[in-house]
Structures are given as C-alpha cells and as structure tokens.
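Novice: This structure is in structure tokens; I'll ask about it shortly.
The values are calculated or read from the model by the stated rules, or taken from the named source; none is laboratory data. Bear in mind the structure is a predicted one, so any value in this text is a computation, not a measurement. With ideal geometry, Cβ positions are generated from the backbone for all residues, glycine too; neighbour counts draw on all protein chains shown.
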Amino acid sequence: MASAVNKTAHPFTKANLEDLLLKRFFYAPAFEIYGGVAGLYDYGPPGSALQANIIAEWRKHFIIEEAMLELDTTIMTPEKVFVASGHVAKFADWMVKDTKTGEVLRADHLVKNVLNERLDRDKALQEAPADPKKKSKKEVIKPLEATVKEEYESILNRLDEYSGPQLGELMKKHAILNPGTGNEVGEPVEFNLMFASNIGPVGNNTGYLRPETAQGHFVNFSRLLEFNNGALPFASAQVGRSFRNEISPRNGLLRVREFTMAEVEHFVDAADKSHPRFKEVADVKLRFLRKEIQSAGKNDIIETTIGDAVSCGMVANETLGYFLARIYLFLTKIGIQPARLRFRQHMDKEMAHYACDCWDAEIHLSSGWVECVGCADRSAFDLTQHSKATGKSLVAQKPVDPPRIIHSTEPEWNRKELGLTFKKSSQEIMKKVEALPVEELEKIRAATDNEPYKLDLASGECIELSPKYVKIVDKTTKQTVEDFTPNVIEPSFGLGRILYALLEHSYWARETDIARGVLSLPALIAPIKVLIVPISSQESFKPIIQDIATKLRKAGISSRVDSSSVSIGRRYARNDELGTPFGITVDFASVSNGTVTLRERDTMDQRIGKVDEVISVVTDLLEGTCDWDAACGRVPAYSGVQAIEGA
C-alpha cells in the first residue's frame, strides 16, 4: 500500500514556484541578456516537453477521438480577411495612461487589481488584532463600509460587461490611481491588439500576425467540406501560434504577446445542434456560473450535470454542451483540480453580437479566476462575413424530404444581342433585372419593340429593353436539396495559460522542508517519465544503465540519466522539481543479481525487482493500466538490505 502524502503542510507560495520554474528552466523571459521584452517568453527543455505532451494529449482527446480534420494555416494574414471578420474594427482593449509618466495600463485590469487590493487589505485588517501602539490616529486605516465592499464585489463580478466610458466613470467614482506611481490616469481609449506588418517589398499590402487560428478554418471551409465528402456535421482543428499586442503584459504566461492556441471549429446545421455522442457525457457534473448571477453582482456556483444544463436551457444546445464536458474531461485528465475549475457564461453585453451562447472554462489560481478555454456558439457569422466579402459561396447542402415544387418567374437572355448592343453594360443590366421583384418582371414581359421597358443604369443612362434582348418565362422545378450556411461551435484553448495553471495546481513542498518543492505532474504529461540514477560512477554500472535506457526508449518512454557527483537524495530532489514521476536506481545488487530500485515521486516509496520486471511495471503505470498501489503488489518494498547483500 502506498504511503500517505501531506501536500498541504505549507501554504502555496507563488514566489517559491516561480523560483523553481526559473531555476529548472521551464520558461524564462525572452532575450533576457538584452533586458527582455515584456510579454515574450522562451520555454526551456522541461517546459517545451511539458507543452508538447499537453498538445499530444489534446490531439488524442479531440482530433483523434472525434475524427477531426487537422489544419496548419498561415500566421501572416491579409488585412481584408480581418476586415471581413471584424478584427480590424473591433479587436481591441481599453487602455489608460498615467497622466504624469505616460505609463500605459489596461483599464479593466487596473480596476480589478485596485479593487481586489482594497478588499484584500480590508480582510487582513479585519483578521489582524488592533495594535494602537504601532500607529497614530492619523495612520489608522479604517475598514471598508459594508455597502462599499458589496459595491466592489459587484463591480468585480460584472467587470467584463463594462464599456470603456463606463470603466472611466468607475475610476473617477472610486478614485482609482496608478498603483505604481499614485498618479491619476486619463480617459480610456481603444487599442487594437493585432500586430500589423507588410506583405511583400512594396509596402502597400497590409497584413497582420493572426490573433487567433480560427480564420484559417473559415476561409478553407469549402475545401474542408469537399474533403469530408460534403457531409455535415464535421470539425476541423488546429494547434499553432497566435499574437496579440497586449497593452500591459503581466503575470508571466497568463498574459503574453505570443502564445500557442489549440482551436476546434465544429460546423453544424443550425436546425439540428444535437450531438450523436451527447449521451456519453450527459452525466458529467460541471460547476456553472450563469450570466444572470453575474449581472446581479454575485458569483454563486451551480453544480449540475451537463445533461440537465442542456435540458433546462442553461446551455444552448447539445453540441455546445458536449464540448463543455469534453473540455472538463481533458483539463482534469492532465491534472487540473476539478474543485478549482468552473464554467462562466458570458453576460449579454460581454458576448459577441453574433454568438448565441458562450462559456469560459476558468481555472482558479493564486491570482484569482483565469480564463483558459473559451467555448462559443458563433452562429453563422464567420462564414457569412467571408462570403459577403469575397462573393464566394460558403454553404453546405442538405436533402429536402419530401422534395419541394418551386414555381418561379425568371429572365431568359439573348446574350448575343445584349452584348452587341450594350457591350460593357451587359453585366450590369443582367444583375439589375435579375434582382427585380416579380411585379417589375411582369412589366418587362409586357414590353414590346414599340413600347420597351426602361431601365436606369448607375452611369445615369436610361436603356430600353424589349423581347429582342430578354424574355420573361415561368419555370417549375423540383428542389431535392437546399443550401444553408453552417453554424460554428468553437472551443478555443490557451495552452500557455493551461500549462501554467497545471504547474500551480501541481506544486507543493515536502512536509519536512518548505524548500523541497515538488511538481506532482501526472505521468501522462510529465516532461521526463523516468530518472535513471547510478548509486556511484563505477564502470560496472554503465552496461546496466545503457540496457535500461535502451529498453525504455524502445517502450517509448522518455528517460534521463543523472550520474552527477551530488548525493542520490539531491539528485532525486531536483527531479522532483521537474515533475519526474519515477526513478530507477542502479546499485551494487544490480551488478550481482540484476535488480534495480523503483522510486515513486510523491510518496518516495521504493520497490525492488528485476530490470525487465520494473520496466514492465513502469510501462503499465505510464499507460494508465495500473496505479502505484497495484504496482506495490507486483514488486516488493525495498529495505536497503538487498543492496548491501549485493555489494
């Protein structure tokens, strides 16, 4: 039976975690030797491996499990794409400037940080015993009045709903200053978050670094539909870099200017947003924060199954609900604590005008609740906008059962005569006539060579149409299929935020020593799975180490050999900081009888067995077919006597 572990002996300290991450080079400020650039970070070996493992699991969980169509689209995007999507006009945040220093701050974050600081200070004041000897009467900080605290909490719960001018009013009303300088700030102004550039050498072809990967899906919709044999629903997926010129990057990986996203675009008929696999997740319980609760200035959580949430209309439809449940299952599988995960619904003023419902998966961290995944029903907005901008048909077809009989009145053109007479104006004439209501078409039908139909052109010219050029005919057709513009359900993952949240949720310190940090990363996504530790540098150990490393590689298990001169305890401790779940120790008994010791990271329990036996156990542990308790039943406990006997 595995030993019990106390992971809450010491309160979480963000500074200790950040020291560990920097020391072990999970990530570090980019261009650090040049002074760094705010909002840009480089991942070191463990951070890169951790991100790659998260992405690999994401691909299994979504792309492979759901048979999605994977894309890899370009980062540089022509301006006209983002004009159509609305990003050029609307992809902006509100910023304010320090009136004296010119420092730029994001307005909503300034309000959030200052009000939270006041509430935290008030809480500490209430909890701390009064000490009149330490302060004069002038220095005594008065507690916040109950009505003020209630107003602050209401503002914070509704913060995403405020416009720029409303944020400006809040800052004036509550005397919110730049906390770094104590200076006043100016009125909020909009700042577009996209990085602009030029495509090509001439400089007249504006482009942008994409702020999301989504548009690459929409502009390729027709090809995706054809690849899927015209069948809906289907989903496309993509993992890639995105860029946002954040106003004031803060909190490490939580707000950066370059980051990795994983996005899904699930195309579906608006008339049927059921999901064939919804029953599989209907009983999954989620924690919801509804928009009505937030609008009332509260943050009460409702915990219910996704099945009930959809059936009562809280979540708009089955497909949206299905993805919310799948998001939850993914996040908890890779190590996010379920009790610190909630789904917050966008409020009416916050939600994009084209969306019919949107939920953010928020993870609770030391800095508060942080959005890490967005899941929106974007309706047909994106495909409609790109179709309007390009004139290209971005539609799918579905059968009409029973078929419809359609009667229509249409113009039938003598294109040769029309072209000879009206030349370049022919196309304009045809478009204008084809757009006329039936009443006008009947007038054209009644026209004769002697009394032609008169049509005004854009140039101001009035031309005459007679049966020589066009006849109006009645047609009857049977419609067996109809065109429709699909709706889109979009789960969008910020992988950097998820990675950092996972590190916070995994970090703790040994009960015996607060300086001995541990990352309890699930073996599924740990950067290194196994540490191979020779007890000494004896030459006789080398063939055994090589044999173990080779067998682990063949099993697809990442490992690392640490034969440094520091103590074996120190070697294990620093790999606990890397989140390495298992260690294999090569000692004198390994040479004499082929046994090695297997160590589990969290409990520090050690077992002993033959090399192949231990590798088999490790393989099963990493594949999830057994847990540590089961492993303890397969290999006996290590007492230390075995190594002495083998020496």
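Novice: Residue pairs, Cβ under 6 Å, 6 or more apart or interchain, first in segment 144-168 and in contact (Cβ under 8 Å) with a residue 40 or more places away in the chain, second of a type in the set (Phe, Trp, Tyr) and surrounded by 14 or more Cβ atoms within 10 Å (Cβ to Cβ). List them.
Specialist: Filtered contacts from segment 144-168: 164/94; 167/94.
Novice: Is segment 446-467 home to any residue that is touching a helix residue (DSSP H, G or I) at 6+ places or on another chain (Cβ under 9 Å) and either at positive phi or assigned to a helix (DSSP H, G or I) (or both)?
Specialist: So far as segment 446-467 goes, no, none of its residues is touching a helix residue (DSSP H, G or I) at 6+ places or on another chain (Cβ under 9 Å) and either at positive phi or assigned to a helix (DSSP H, G or I) (or both).
Novice: Pick from segment 66-100 the residues that are assigned to a loop (DSSP other than H, G, I, E, B) and at pLDDT 95 or above: which of them is nearest to residue 166 (Cα to Cα)?
Specialist: The extreme case among them is 75.
Novice: Given segment 522-604, what helices (runs of 4 or more DSSP H) lie entirely inside it while holding 1 or more residues that are closer than 17 Å to residue 635 by Cβ?
Specialist: Numbers: elements: 542-554, 568-576, 588-593.
Where helices (runs of 4 or more DSSP H) fall fully within segment 522-604 and carry at least 1 residues being closer than 17 Å to residue 635 by Cβ, they are 542-554, 588-593.
Novice: Does segment 47-66 include one or more residues that are surrounded by fewer than 13 Cβ atoms within 10 Å (Cβ to Cβ) and closer than 30 Å to residue 188 by Cβ?
Specialist: The answer is no; no qualifying residue exists.
Novice: Evaluate the following for residue 103: is it touching a helix residue (DSSP H, G or I) at 6+ places or on another chain (Cβ under 7 Å), surrounded by fewer than 17 Cβ atoms within 10 Å (Cβ to Cβ) and modelled with pLDDT of 90 or more? Lay out the reasoning, then the answer.
Specialist: Values: touching a helix residue (DSSP H, G or I) at 6+ places or on another chain (Cβ under 7 Å): no; surrounded by fewer than 17 Cβ atoms within 10 Å (Cβ to Cβ): yes; modelled with pLDDT of 90 or more: yes.
When the stated conditions are applied, residue 103 does not pass them.
Novice: May I pose another question? Among the residues of segment 538-548, are any of a type in the set (D, E, K, R) and crowded, with 17+ Cβ neighbours inside 10 Å? Outline the logic, then answer.
Specialist: Within segment 538-548, the subset of a type in the set (D, E, K, R) is 539, 542, 547.
Okay, now just the ones that are also crowded, with 17+ Cβ neighbours inside 10 Å, so none.
Looking for residues that are of a type in the set (D, E, K, R) and crowded, with 17+ Cβ neighbours inside 10 Å, one finds none in segment 538-548, hence no.
Novice: Would you confirm, using the coordinates I've provided, whether residue 292 is at pLDDT 95 or above and either of a type outside the set (Phe, Trp, Tyr) or assigned to a helix (DSSP H, G or I) (or both)? First the steps, then the outcome.
Specialist: Details: at pLDDT 95 or above: no; either of a type outside the set (Phe, Trp, Tyr) or assigned to a helix (DSSP H, G or I) (or both): yes.
For residue 292, the condition - at pLDDT 95 or above and either of a type outside the set (Phe, Trp, Tyr) or assigned to a helix (DSSP H, G or I) (or both) - is not met.
Novice: I would also like to ask the following. Taking only pairs six or more apart or across chains, which ones have beta-carbon atoms under 8 Å, a first residue in segment 610-637 that is buried (at least 17 other Cβ atoms within 10 Å of the Cβ), and a second residue that is part of a helix (DSSP H, G or I) and of a type in the set (Phe, Trp, Tyr)?
Specialist: Filtered contacts from segment 610-637: 621/628.
Novice: OK, next. The conditions are (1) at pLDDT below 95; (2) on the phi > 0 side of the Ramachandran plot; (3) not basic (Lys, Arg), and residue 579 fails exactly one of them. Which is it?
Specialist: (1)
Novice: Answer with yes or no whether residue 551 is surrounded by 16 or more Cβ atoms within 10 Å (Cβ to Cβ) and more than 16 Å from residue 46 (Cβ to Cβ). Can you show your working first?
Specialist: Values: surrounded by 16 or more Cβ atoms within 10 Å (Cβ to Cβ): yes; more than 16 Å from residue 46 (Cβ to Cβ): yes.
Here the answer is yes, as residue 551 does meet what is asked.
Novice: Sort out which residues of segment 194-209 are surrounded by 10 or more Cβ atoms within 10 Å (Cβ to Cβ) and of a type in the set (Gly, Ala, Ser), and write them in order of number.
Specialist: At the first step, the residues of segment 194-209 found to be surrounded by 10 or more Cβ atoms within 10 Å (Cβ to Cβ) are 194-199, 205-209.
Once the filter is applied, which keeps residues that are surrounded by 10 or more Cβ atoms within 10 Å (Cβ to Cβ) and of a type in the set (Gly, Ala, Ser), segment 194-209 yields 196, 197, 207.
Novice: Sticking with this structure for a sec: Within segment 426-437, how many residues turn out to be surrounded by 11 or more Cβ atoms within 10 Å (Cβ to Cβ) and either outside any loop (DSSP other than H, G, I, E, B) or not assigned by TED's automatic domain parsing to the domain that holds residue 412 (or both)?
Specialist: Restricting attention to segment 426-437, the residues satisfying the condition of being surrounded by 11 or more Cβ atoms within 10 Å (Cβ to Cβ) are 426-430, 432-434, 436.
From the residues that got through so far, the ones that are either outside any loop (DSSP other than H, G, I, E, B) or not assigned by TED's automatic domain parsing to the domain that holds residue 412 (or both) too are 426-430, 432-434.
Result for segment 426-437: 8.
Novice: Checking residue 63 against (1) touching a strand residue (DSSP E or B) at 6+ places or on another chain (Cβ under 6 Å); (2) not in a helix (DSSP H, G or I), only one condition comes out false. Which one?
Specialist: (2)
Novice: Filter segment 214-250 down to residues that are in a loop (DSSP other than H, G, I, E, B) and out of contact with any helix residue (DSSP H, G or I) (no Cβ under 9 Å at 6 or more places or on another chain) and give me whichever is surrounded by the most Cβ atoms within 10 Å (Cβ to Cβ).
Specialist: Initially, segment 214-250 is screened for residues in a loop (DSSP other than H, G, I, E, B), giving 220, 228-233, 244-250.
So of that shortlist, the ones also out of contact with any helix residue (DSSP H, G or I) (no Cβ under 9 Å at 6 or more places or on another chain) come out as 220, 228-230, 244-246, 249.
Working: 220: 16, 228: 17, 229: 7, 230: 12, 244: 22, 245: 18, 246: 19, 249: 19.
Only one residue tops the list, namely 244.
Quick grid of which residues meet (1) more than 23 Å from residue 493 (Cβ to Cβ); (2) in contact with a Ser or Thr (Cβ under 9 Å, 6 or more places away or on another chain); (3) touching a residue at least 24 places away in the same chain (Cβ under 8 Å); (4) of a type in the set (A, V, I, L, M, F, W, C):
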{"residue": "283", "(1), (2), (3), (4)": "yes, yes, yes, no"}
{"residue": "306", "(1), (2), (3), (4)": "no, no, yes, yes"}
{"residue": "312", "(1), (2), (3), (4)": "yes, yes, no, yes"}
{"residue": "320", "(1), (2), (3), (4)": "no, no, yes, yes"}
